[in-house]
Amino acid sequence: MIVPTPTQVLVNALERDRGGLAIVIWPSLELRAWLIDEVAALPAMAEGGGAVVVKTVDDALSAGDRPVLLVPEDERVAVDDLDGSRDQFAERSYPLVLFLYRDGDGERLLPFRPSLASWARGSRVDPDQLAEVDLDAERKRFFAEVGEPPMTWLEKWHARQVPRDGAGYARAYWAELLCQP
């Protein structure tokens, strides 16, 4: 069985579910800031005038029809508010990405909010899942799909020898993760 990387899950969620919800789990403040920048740079988030970062569900609703990164100060309130707001986001052309702290109040509350859980089903990303993946096997899978090792492909990416499209950005992110020590 092929297990998709967190990046692939997120990119698939953003492209598949244009008015949907993706949840990104962050393990530390340092990684949260990096994840926000990485998600904002994805092609699906760069459209529509670029992603806007907000702190509340009301701010997300006020953002208009553009990509939104919801980084709540109070995760419990955000999860409760989103659980009852699915219909208000249904007509949007762009996804909403909710950032939650691993094992924090928001993530612990998710199983008790069935509407929100079903809305985000299959669109939950935890970057530390890579630690649970056999990196050698993933590198071999990258080679099988792309035809070259991640580092070689990344060199071409940085030299702008690879198209800057959605697939290219997703592959660059995947390669970067696979090149980490």
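Since every read-out is calculated from the coordinates, none of them should be taken as a lab result. Here the structure is a predicted model, which means the values were calculated and not measured. Cβ placement follows ideal geometry from the backbone for every residue including glycine, while neighbour counts extend to all protein chains displayed.
Some values worked out for this structure:
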{"quantity": "Region 134-178 - convex hull of the alpha-carbon atoms, volume per residue in Å³", "calculated": "59 Å³"}
{"quantity": "Fewest-first sequence of 101, 169 by Cβ atoms within 10 Å of each Cβ", "calculated": "101, 169"}
{"quantity": "Sequence of 138, 75 once ranked by neighbouring C-beta atoms within 10 Å, starting from the fewest", "calculated": "138, 75"}
{"quantity": "Footprinting exposure proxy for 36, 25 (fewest neighbouring C-beta atoms within 10 Å first)", "calculated": "36, 25"}
